[in-house]
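Enquirer: Once you've had a glance at the structure underneath, I'll fire off some questions.
The values are calculated or read from the model by the stated rules, or taken from the named source; none is laboratory data. Worth saying up front: this structure is predicted, and the values here are computed from it rather than measured. Neighbour counts are summed over all protein chains in view; Cβ atoms, including those assigned to glycine, are modelled from backbone coordinates with ideal geometry. Ligands, DNA and RNA are excluded from the accessible area calculation, which covers all protein heavy atoms including side chains. Shrake-Rupley method; radii C 1.70, N 1.55, O 1.52, S 1.80 Å.
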Amino acid sequence: MNIETFLSERVRRAAEALYGPLDGEQLQIQKTRREFEGDYTLVVFPLLRRSRKSPEATAAEIGEWLTANVPEIKSFNVVKGFLNLSLDASFWAGRFAEIAADGNFGQAAPSGRTVMIEYSSPNTNKPLHLGHIRNNLLGYSVAQILAANGHNVIKANLVNDRGIHICKSMLAWKLYGNGETPASSGMKGDHLVGKYYVEFDKHYKAQIKELMAQGSSEDEAKKQAPVMLQAQEMLRKWEAKDPEVYSLWETMNGWVYEGFDVTYKALGVDFDKVYYESQTYLLGKSLVEEGLAKGVFYRRDDNSVWIDLTGDGLDEKLLLRGDGTSVYMTQDLGTAFRRFEDNRLDDMIYVVGNEQNYHFQVLKLVLKKLGYADWSDHITHLSYGMVELPEGKMKSREGTVVDADDLIADMVRTAREMSAELGKLDGCSDEEADAVSTMVGLGALKYFILKVDPKKTMLFDPRESIDFNGNTGPFIQYTHARIRSVLRKAAEAGIDFSGDVQASLLPEEIELVKMLADYPAAVKAAGDNFAPSVIGAYVYELAKQFNGYYHDHSILKEENAEVRRLRLQLAAQVARVIRRGMKLLGIDVPERM
């Protein structure tokens, strides 16, 4: 049952009984604000032209009719033009029974919409780092949430496997690598390739410094540095399918993909489709040619291709370099076209950092000017803030990033140390301790990142995230494990708590049922706003509320069998909703701890 719909129907009956048929008046019913008494509030102002009475008198009249004719409404109070309604315990008991019986609670009916969400989108010149972790966790969680909202979701990864950055790693390996491989070095392939990206930058800076000492300006030195000229030549050869360059590219990318797969598995994220820039940039080039023919783009004297967006309040945007090589915008045009054509998408969501806000503004506008307005308006850039550390920003060229693999390993190790110190692993076998430590370490990492509004820049503190108190993943995981422990003990004692509940709900139990009833609305709000933080806040509040209840009320030691039945059922449903909510964040919860 949708409570707002239930109340809307009853209020409409009351208003029509009192004032005659309603003609288009919209009934506004919302949850009562915390500072007022009541469960739901009716805004009476739209009904005043019918009642021809003051807001207070109208609210009181409707409240009196409802309490007299709707048994589920036990009382009301009026605050100016607002009618606060309180529902009785039997209503909430019925609602609880519905929640417990609904095997798909929180899962919306199919919407018929197909949504693709792109996340990760790594470059194949370096391993994944902390910034990629936020991207992957955000994208995967939003995909789970959109699926829970009934959409057909396609999780996509676009691998940026070509371009000048990739050529930098390739060139550095060729010049300075002495044939080193993942097998010979013992390094993960993505780490090995990243090592040579840093190596390129080291030699590039040294050459710039040398050229400047010889009298070149900094800009001239950057353009004329031998390694940069060689990298640019390598890119041209790659686009011309030079056999030697292409073979090296395939080999080094193969190393990187093997490394990425290990990291994705550790993070618990996956993809339904993987696109490669090397396969889409040519389609982008053909769209550029199409735009030139239509007069949407223009060619400059140096042979480069541009679009003038100054009339739209933007600037001029490069689409093809003078040497014919493409830029990111070129391949994004081709990729967007391919995806909408192949998948008949209703929506396309890009999970990309906020430094690319302008890029996506331009992408949508260029597609519209090319004549694809029917679907370019369905592109959404899910922009998110950067992740910073206590010591400042990360710089991949200088090798000062927080490596994703190292961070995952550190989180699991720290989780094990802290769990053991607190006695959370007492009685666990080594195998169970490993599993719980992995679950807690990754849960801490994921929750700490996802509880923050995506748009905000965030400061990541690993140790703060692994805290069994406060708004953390481990606190929520421990609450679930605590409930499962109670339920196991009930089973071991032969306590059957199935069947209809006869006991009345206490006020604290009604509050828990209300919290459970809010779960579908939280899922919907999270989907509408692409905000896993909404789910994080909801699950934390539910866990916190249950812990307060558990502290004040005995469950297994309760002597009244019907009261004990109610409390065990209530605990079981709280655990179920915690598990479902955390699953939407990509977080597993342990059975024991």
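Enquirer: What tally of residues in the range 151-162 results from selecting those that are open to solvent by 10 Å² or more (accessible area, probe 1.4 Å) and either modelled with pLDDT of 95 or more or out of contact with any helix residue (DSSP H, G or I) (no Cβ under 6 Å at 6 or more places or on another chain) (or both)?
Expert: Qualifying residue count for the region: 5.
Enquirer: Also, I was wondering about something else. So for the range 258-265 (the condition being farther than 24 Å from K202 by Cα, touching a Phe, Trp or Tyr at 6+ places or on another chain (Cβ under 6 Å) and of a type in the set (A, V, I, L, M)), does at least one residue qualify?
Expert: no
Enquirer: Now for a separate question. Could you list all residues from the range 358-391 that are open to solvent by 70 Å² or more (accessible area, probe 1.4 Å), part of a helix (DSSP H, G or I) and touching a strand residue (DSSP E or B) at 6+ places or on another chain (Cβ under 9 Å)?
Expert: Of everything in the range 358-391, those that are open to solvent by 70 Å² or more (accessible area, probe 1.4 Å), part of a helix (DSSP H, G or I) and touching a strand residue (DSSP E or B) at 6+ places or on another chain (Cβ under 9 Å) turn out to be Q361, K369.
Enquirer: Of the conditions (1) crowded, with 24+ Cβ neighbours inside 10 Å; (2) among the small types (G, A, S); (3) closer than 27 Å to D528 by Cα, S169 satisfies every one except a single condition; which number is it?
Expert: Every listed condition holds for S169 apart from (3).
Enquirer: Quick check on my filter: what residues within the range 420-435 are open to solvent by 10 Å² or more (accessible area, probe 1.4 Å) and either of a type in the set (S, T, Y) or assigned to a helix (DSSP H, G or I) (or both)? Reasoning before the result, please.
Expert: Let us first name the residues in the range 420-435 that are open to solvent by 10 Å² or more (accessible area, probe 1.4 Å), namely 420-432, 434-435.
The answer is A420, E421, S429, D430, E431, E432, D434, A435.
Enquirer: Could you tell me which numbered condition D308 fails, if it satisfies all but one of (1) among the acidic types (D, E); (2) in contact with a Leu (Cβ under 8 Å, 6 or more places away or on another chain); (3) over 27 Å from G586 (Cβ atoms)?
Expert: (2)
Enquirer: Now a separate question. Can you work out which of the residues in the range 343-395 that are under 30 Å from F448 (Cα atoms) and small (G, A, S) is modelled with the lowest pLDDT?
Expert: Among residues in the range 343-395 that are under 30 Å from F448 (Cα atoms) and small (G, A, S), the one modelled with the lowest pLDDT is G392.
Enquirer: Answer yes or no as to whether N2 is modelled with pLDDT of 95 or more and within 26 Å of P507 (Cα to Cα). Talk me through it step by step, then tell me what you get.
Expert: Details: modelled with pLDDT of 95 or more: no; within 26 Å of P507 (Cα to Cα): yes.
Criteria not met by N2.
Enquirer: When you scan the range 260-347 for strands (runs of 3 or more DSSP E) that lie fully inside it, which ones turn up with 2 or more residues that are within 34 Å of the chain's Cα centre (by Cα) and free of Cβ contacts under 8 Å to residues at least 60 places away in the same chain?
Expert: Values: elements: 273-276, 305-308, 316-320.
Result: 316-320.
Enquirer: What pairs can you find where one residue is in the range 71-86 and in a loop (DSSP other than H, G, I, E, B), the other is aromatic (F, W, Y) and open to solvent by 40 Å² or more (accessible area, probe 1.4 Å), and their Cβ atoms are less than 8 Å apart, with a gap of 6+ or different chains?
Expert: Between residues of the range 71-86 that are in a loop (DSSP other than H, G, I, E, B) and residues that are aromatic (F, W, Y) and open to solvent by 40 Å² or more (accessible area, probe 1.4 Å), the close pairs are G81/F45.
Enquirer: So is E492 surrounded by fewer than 17 Cβ atoms within 10 Å (Cβ to Cβ), more than 26 Å from the chain's Cα centre (by Cα) and at negative phi or not?
Expert: Numbers: surrounded by fewer than 17 Cβ atoms within 10 Å (Cβ to Cβ): yes; more than 26 Å from the chain's Cα centre (by Cα): yes; at negative phi: yes.
The answer is yes for E492.
Enquirer: Please report, ordered by residue number, the helices (runs of 4 or more DSSP H) entirely within the range 172-259 with at least 1 residues that are within 36 Å of the chain's Cα centre (by Cα).
Expert: Here the list reads 182-185, 189-213, 226-239.
A quick yes/no check of all residues on (1) touching a residue at least 60 places away in the same chain (Cβ under 8 Å); (2) surrounded by fewer than 17 Cβ atoms within 10 Å (Cβ to Cβ); (3) touching a strand residue (DSSP E or B) at 6+ places or on another chain (Cβ under 8 Å); (4) not in a strand (DSSP E or B):
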| position | (1), (2), (3), (4) |
| --- | --- |
| L66 | no, no, yes, yes |
| F96 | yes, no, no, yes |
| I99 | yes, no, no, yes |
| P110 | no, yes, yes, yes |
| S120 | yes, no, yes, yes |
| N136 | yes, no, no, yes |
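Enquirer: Let me ask something else. Considering only residues that are of a type outside the set (D, E) and open to solvent by 70 Å² or more (accessible area, probe 1.4 Å), look in the range 6-22 and name the one that is farthest from the chain's Cα centre (by Cα). I'd like the intermediate steps shown before the answer.
Expert: Quick first cut of the range 6-22, residues of a type outside the set (D, E) only: 6-8, 10-15, 17-22.
Subset that is open to solvent by 70 Å² or more (accessible area, probe 1.4 Å): 12-13, 21.
Numbers: R12: 39, R13: 42, P21: 45 Å.
For the range 6-22, the residue satisfying everything is P21.
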